[in-house]
Amino acid sequence: GLAMVQLIVFLVMANEMRIQQTIIETNHRKEIGLWLKANAQPKQTVFMECLGYIGFYSGLKTLDYPGLSSTEVVAARKQFPATVKKGYPDEFGPLIAVLKPDFVVLRDHEIANINQHMAVLQQDYKPVKVFDVTPQLARYERLPGYGYLRYDARFTVFAHTRKEVEREKT
């Protein structure tokens, strides 16, 4: 009985990982990276939490949270007071304000959290593209672990407005 339960759990999880790879990684995050590559200049920067596919396919300098690929993020985080260091979502807004990346890629809850604590997105950035695979995931909403798939279903790309003006001049 236990072996049968383990087999069922294994098969359900394997199916979910297949869906994650196909819809979220290959057909979503990869597409965000390719869009950035097509719409950014080679020396521009992008801030995001999910470094992998987006960072690789964009070819841009990535300023990732928590700083796995960028010493600039690590250095900036060390300068934050303890009130900012207290939790993961509280650092995005201050990091964006300090680092001033050309592009920012955020999930909806990250946008809401930043906007709740500071106005950096409203003042310095404009949304330029939304990537949303929620409709493709709808048929899997009864699948155990659907929330895991849904977490990365929607991203918004923001462009720095000052740098957008500079790009238009060149």
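The values are calculated or read from the model by the stated rules, or taken from the named source; none is laboratory data. The structure displayed is predicted, hence computed values, not measured ones. Note: ideal-geometry Cβ built from the backbone for every residue, glycine included; neighbour counts use all protein chains shown. With ligands, DNA and RNA removed, areas are computed over all heavy atoms of the protein, side chains included. Shrake-Rupley method; radii C 1.70, N 1.55, O 1.52, S 1.80 Å.
With angles folded into 0 to 90 degrees, how steeply does helix 2-19 sit against the dominant principal axis of the chain? Use alpha carbons for both and round to 10.
40
With θ set to phi - 60° and the Karplus curve 6.51 cos²θ - 1.76 cosθ + 1.60, what are the ³J(HN,Hα) couplings of region 56-65 in order, to the nearest whole Hz, using x for Gly and Pro?
5, 6, 6, x, 8, 5, 9, 10, 9, 9
Output ³J(HN,Hα) for region 130-141: one whole-Hz value per residue in order, computed from phi by the Karplus curve 6.51 cos²θ - 1.76 cosθ + 1.60 with θ = phi - 60°, and x for Gly and Pro.
10, 10, 9, 9, 3, x, 5, 8, 3, 6, 9, 5
Under the classification rounded if a/c is under 1.5, otherwise prolate if a/b is larger than b/c and oblate if not, where does region 113-153 fall, given a ≥ b ≥ c as square roots of the Cα gyration tensor eigenvalues?
On the way: a/c = 5.79, a/b = 2.24, b/c = 2.58.
Note, shape of region 113-153 comes out oblate.
What does the charge count near His109 come to, summing +1 for each Lys or Arg and -1 for each Asp or Glu among other residues with Cβ under 12 Å from its Cβ?
Around His109, the surrounding residues sum to -1.
Skipping prolines and chain starts, which residues have an amide H placed within reach, meaning under 5 Å, of the one on Thr45, given they are 5 or more residues away or on another chain?
Sorted by chain and number, the residues that satisfy this are Asp102, Phe103.
Measure nothing fancy, just the Cα-based angle from helix 108-117's long axis to the longest principal axis of the chain, in degrees from 0 to 90, nearest 10.
The angle comes out near 40 degrees.
Roughly speaking, to the nearest percent, how much of the chain's 1.4 Å accessible area is carbon and sulfur?
59
For the ranges 135-143, 119-127, what's the packing order if you count other beta-carbon atoms within 10 Å of each residue, average per peptide, and put the highest first?
Order by mean packing, descending: 119-127, 135-143.
With both partners inside the chain, how many of the DSSP beta bridges are antiparallel, as a percent to the nearest 5?
Expressed as a percentage, antiparallel bridges in the chain total about 65.
Using helices alone, what [θ] at 222 nm do you get for the chain, with -39,500 (n - 2.57) per DSSP H run of 4 or more residues, divided over all residues and rounded to the nearest 500?
Here the helix-only value at 222 nm equals -14500 deg cm²/dmol.
So how strong a dipole does the chain carry about its Cα centre when Lys and Arg Cβ are +1 and Asp and Glu Cβ are -1, to the nearest 20 debye?
Magnitude of the dipole: close to 220 debye.
How large, in Å, is the chain by the Kirkwood hydrodynamic radius built from its alpha-carbon pairs?
It is 17.3 Å.
How many lysine pairs does the chain hold where the Cα atoms are under 12 Å apart and the two sit 8 or more places apart or on different chains? Spell out each step's value before the answer.
Working: Lys37/Lys61; Lys43/Lys61; Lys100/Lys163; Lys126/Lys163.
Lysine pair count for the chain: 4.
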